[in-house]
Structures are given as C-alpha cells and as structure tokens.
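K.L.:
This structure is in structure tokens; I'll ask about it shortly.
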Amino acid sequence: MPDRPLPENLQRRFNVDTVEEMWQKNLNEGNIYWRQYRHVFGRFPSNPRCVNCHRPFAGIGGALFRSLQGVEKSDKNPRYCSGCHSFVNNFPGGAEIELTMLFVDVRGSTTIAEQMDTSEFSRLMNRFYEAAINVLVHADAFIDKLVGDEVTALFVPGFAGEEHARKAVEAGQKLLRVTGHGDVGGPWVPVGVGVHTGTAWVGSIVGASGEAADFTALGDNVNIAARLASNAAQGEVIASEDTFAAAQLDPVQLEKRDLALKGKSEKVSVRVLHAR
C-alpha cells in the first residue's frame, strides 16, 4: 500500500507527515493517538482498563465507549483496547520496525492426533492454546495467529516495551514450564519454541474487500522465527543471537548451534534454553 499523507491537523499534533510515519511512531512508542486522552479516559469508571490509553472495559464507562466508539478488548491482547492495538479503521497501513517474534508449536501433533479421538485431541489443543495465550498476553505480546498446532506472537516495542526481546525469551521459557516441561512426570503436551528479533513490516493487511483485514507482521525475519521453532526439539527454546544481543543477555553458558535454515544462504547462530 503506497504511503499517504495524514490530515494536516494530525501532522501538526504528532509531528509526522504520512500514515507510514504515524504507524512507525505508534508501533515504537505505543498508540500516541489515544494515549493523549489517558487523563480523560481515566475519569470514567471502571477497572479493568486498557493499559495504554486507560479506556475502561467495565462499568458505565466501558458500556459508554462500546456504544459510542465500538471499543472492545483487543482480540490480539485483552490488556489493550481494540483502538490501541492498531489503526485499521482510520489509518490502514503499516511500517517497518524492529520487534521480536515468537513461534510455539506442538511437536509431533500428527502422531498425537492419531492416538486420540477427535474430541480428546480438540480438548488438548484448546488447553494448549489457552495456556500459551495466557503466558503471551501477560508478557504484553500481541497474538498474531493460532494456526493448527501453532501460536505466533509479536512483541512490539511500543507495547511490550524496550525490553521486548528479553520478555520474549522469558515467555518462551515460561511456555515450557506451563506445559509441564521439567516436571517429573513429563509435559502434558510437547512443545518447541523459536524466538527471533529483527526488522519486519508490521501493520494491517488488505483483504479481498479492499479494506484492512488483519494486523500482522511480514518479512524474512518472520520466516526465520518460524523456522527456528521448527528446528526446536521438544522442551527447547531456540533464540537467535540477534535476540540475545537485543535483550542484552549473556548467552555464554548456553548451548550454541549454527542452523542451516531453508531459504537462507548463511547459517543462523542460535542459543538453546530449557525450562527452569
């Protein structure tokens, strides 16, 4: 989508000229459009509220904002409101930013499904989704997709904060713990996790109707994160050296691997973590 100029009043207010610059500022700093009204929204009852703009979700205030603005909890992370996680209604588009991406999937799901009836396998996967989403939501990640046996998440700096890479690594280890890795009896579902930090295009893609349809990340670094997850064995978090550098974590005591990833001419250096 070609970049477009913002209305002049918004250019003056936020010191940006185009939609892409607006997206970039909001993705790196949080939703500045709505956050400017925090002191106003905070006067309306009741908690819980959007952690970015303070719009209430409950009580009279919550009902009012749902009625007047159609604002609900974000389907990407219910700690934020639907108005703050993206600008798909008024400003479809996106921008290139540095962020951290996490992929977690169930290892051997086909074999597991063969050993269970459909209802039992469905309950297992729903339990996995619920556990994974709970961890990622509380780490301030946006849930990108739930596809088959996989959950993908975006740690966007304007929402997850400057320590988005560290949060993603910690979330990866917590995902192992909540699925039972490290327990004496073994995991209730076997998972592997891939984490990678890099530049990607983040924004709202356009659907068949020509309107903004979803909020996601696109680019080579997204593919790297996905392939790291596919290389993770049961009970492993594989995080790229780029993630460790961004997180300012010391990887010296961790196992190092140089992985040949599909479509990459050079190997990618990673570190391996386990549940703790």
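The values are calculated or read from the model by the stated rules, or taken from the named source; none is laboratory data. Keep in mind it's a predicted model, so treat the numbers as computed, not measured. Neighbour counts run over all protein chains shown; Cβ positions are idealised from the backbone, glycine included.
K.L.:
Can you give me the number of residues within segment 44-101 that are in contact with a Lys or Arg (Cβ under 8 Å, 6 or more places away or on another chain), more than 19 Å from ALA141 (Cβ to Cβ) and among the β-branched types (Val, Ile, Thr)?
P.N.:
1
K.L.:
Can you tell me which residues in segment 1-51 are of a type in the set (Ser, Thr, Tyr) and touching a Pro at 6+ places or on another chain (Cβ under 6 Å)?
P.N.:
Answer for segment 1-51, where residues must be of a type in the set (Ser, Thr, Tyr) and touching a Pro at 6+ places or on another chain (Cβ under 6 Å): THR18, SER46.
K.L.:
If you take the residues in segment 236-263 that are among the β-branched types (Val, Ile, Thr) and without any contact (Cβ under 8 Å) to a residue 60 or more places away in the chain, which one is farthest from VAL193 (Cα to Cα)?
P.N.:
Selected residue: VAL252.
K.L.:
Does segment 201-218 contain any residue that is within 12 Å of VAL169 (Cα to Cα) and either touching a Ser or Thr at 6+ places or on another chain (Cβ under 6 Å) or touching a residue at least 24 places away in the same chain (Cβ under 8 Å) (or both)?
P.N.:
Taking every residue of segment 201-218 in turn, none turns out to be within 12 Å of VAL169 (Cα to Cα) and either touching a Ser or Thr at 6+ places or on another chain (Cβ under 6 Å) or touching a residue at least 24 places away in the same chain (Cβ under 8 Å) (or both).
K.L.:
Condition test on VAL237, is it in contact with a His (Cβ under 8 Å, 6 or more places away or on another chain), farther than 23 Å from GLU96 by Cα and not polar (S, T, N, Q)?
P.N.:
Yes.
K.L.:
Something else now. I need a count of the residues in segment 103-121 that are more than 12 Å from PRO187 (Cβ to Cβ) and β-branched (Val, Ile, Thr).
P.N.:
The number of residues fulfilling the criteria is 4.
K.L.:
Consider ALA95 against the criteria (1) part of a helix (DSSP H, G or I); (2) under 17 Å from the mean Cα position of the chain (by Cα): it satisfies all of them except one. Which criterion is unmet?
P.N.:
It is condition (1) that ALA95 fails.
K.L.:
While we're here: Could you pull out the residue among ALA225, ALA246 that is surrounded by 13 or more Cβ atoms within 10 Å (Cβ to Cβ) and closer than 19 Å to LEU176 by Cβ?
P.N.:
Only one candidate passes the filter, namely ALA225.
K.L.:
In segment 166-198, which residue that is in a helix (DSSP H, G or I) and without any contact (Cβ under 8 Å) to a residue 60 or more places away in the chain is farthest from VAL272 (Cα to Cα)?
P.N.:
So the residue we want is VAL178.
K.L.:
Additional query: List every residue pair whose Cβ atoms lie under 8 Å apart, where the two residues are 6 or more positions apart in sequence or sit on different chains, the first residue falls within segment 153-165 and is without any contact (Cβ under 8 Å) to a residue 24 or more places away in the chain, and the second residue, located anywhere, is surrounded by fewer than 23 Cβ atoms within 10 Å (Cβ to Cβ).
P.N.:
Between residues of segment 153-165 that are without any contact (Cβ under 8 Å) to a residue 24 or more places away in the chain and residues that are surrounded by fewer than 23 Cβ atoms within 10 Å (Cβ to Cβ), the close pairs are GLY161/ASP140; GLY161/LYS167.
K.L.:
When the residues of segment 130-165 are filtered to those that are assigned to a strand (DSSP E or B) and of a type in the set (Asp, Glu), which remaining residue is surrounded by the fewest Cβ atoms within 10 Å (Cβ to Cβ)?
P.N.:
The selected residue is GLU150.
K.L.:
Kindly state which helices (runs of 4 or more DSSP H) lie completely within segment 21-84 and contain at least 3 residues that are modelled with pLDDT of 90 or more and among the small types (Gly, Ala, Ser).
P.N.:
Helices (runs of 4 or more DSSP H) meeting the threshold: 59-69.
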